[in-house]
1. I want the local charge near His27. Using Cβ-Cβ distances under 14 Å, sum +1 for each Lys or Arg and -1 for each Asp or Glu among the other residues.
2. Take the Cα coordinates of the stretch 189-251, assign each an equal point scatterer, and use the Debye formula without solvent to give log10 I(q)/I(0) at q = 0.16 Å⁻¹.
3. Kirkwood-based Rg over Rh for the chain (C-alpha set), two decimals?
4. How much net charge surrounds Pro93 when only the other residues with a Cβ under 14 Å from the Cβ of Pro93 are counted, with Lys and Arg +1 and Asp and Glu -1?
5. Mean-square fluctuation check for the chain, GNM, Cα pairs under 10 Å: which of Leu177, Leu161, Leu57 is largest?
6. For Leu220 paired with Lys68, estimate the spin-label separation in nm (one decimal), with each label point 7 Å from Cα along the Cα-to-Cβ line.
7. For the stretch 107-138 and the stretch 177-227, write down the distance between their C-alpha centroids in whole Å.
8. My understanding is that a pair violates if its Cα-Cα distance is over 32 Å; which of Lys19/Lys216; Lys107/Lys180; Lys158/Lys216; Lys68/Lys215 do that in this structure?
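Read-outs: derived from the displayed coordinates by stated rules, not from any lab. Note that the coordinates shown come from a computational prediction; the quantities given were computed from them, not determined experimentally. Glycine also receives a Cβ, built like all others from the backbone with ideal geometry; neighbour counts cover every protein chain displayed.
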Amino acid sequence: MNYLIVTGASKGLGQEIVKTYASGNSHIISIARTENTDLQQYVSAKGGTLSQFSFDLANIHEIDSLMKQVFDVINLKDAKSIHLINNAGMVAPIKPIERCEPEEIIKNQHVNLLAPMLIISSFCKITSSLPIEKRIINVSSGAAKKPIYGWSSYGSAKAGLDLFSQGAALDQQEAELPVKIISFHPGVMDTNMQEEIRSSSQEDFLNVETFQNYKKEGKLLPPQRVADVLVSLVTSETFPNGQVVSVQDYL
């Protein structure tokens, strides 16, 4: 059985990843705030299995317990591969740092950076003795590469995720049975997050008109296209271990 753990899997890119990966030899574990009954039916129709865990990744102190529950549904003896895609993320707060509340900044960093770090730490511990293919893709953002007005929390978290991915991959090179890890920039996609960005006030987000034009001019990538790239990466014979890559490298 091939196992795939996906965070933020109930909608958007996460949902498309699940649909693309689903097959008769797959068991997918979804970690999201809400369950998706339609997705459950879709995976079943493809002959696969979908286990859904309702969980808010802002609750970082409960992640270790969550991962133990996740691996309780994985039969380690019959696993041919176990992969993880840390896809969940949040862009809010979208506003200058002096107008951000402490709770908003903390939640952003918890969801975008600390949750993936803790999930990966648990994943590597639990699978350390398994002589199978183990890959992790952290979904990052182009916002990690340059500052954007109103996005200081989001951009810094994603920059941290990029460097963490590289550092964790380096750590794993010394392991007897290493996990391979990369960070992935998915481009500008047509998702709910983009709707949130486009609805920002110009006072909070000076670049809002640029993002509104992306939609008007049809420049947003369909999530399905990005999901195809991600699933191809996680299942291909080659894997750019320790690197930060972009969807544009594969289109």
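1. +1
2. One equal scatterer on each Cα of the stretch 189-251 leads to -0.66.
3. Result: Rg/Rh = 0.96.
4. So the surrounding residues net to -4.
5. Largest GNM mean-square fluctuation: Leu177.
6. Between Leu220 and Lys68, the simple spin-label model gives 4.1 nm.
7. Taking the Cα centre of each part, the stretch 107-138 and the stretch 177-227 sit 24 Å apart.
8. Details: Lys19/Lys216 27 Å; Lys107/Lys180 28 Å; Lys158/Lys216 27 Å; Lys68/Lys215 41 Å.
Lys68/Lys215, as the Cα separations exceed 32 Å there.
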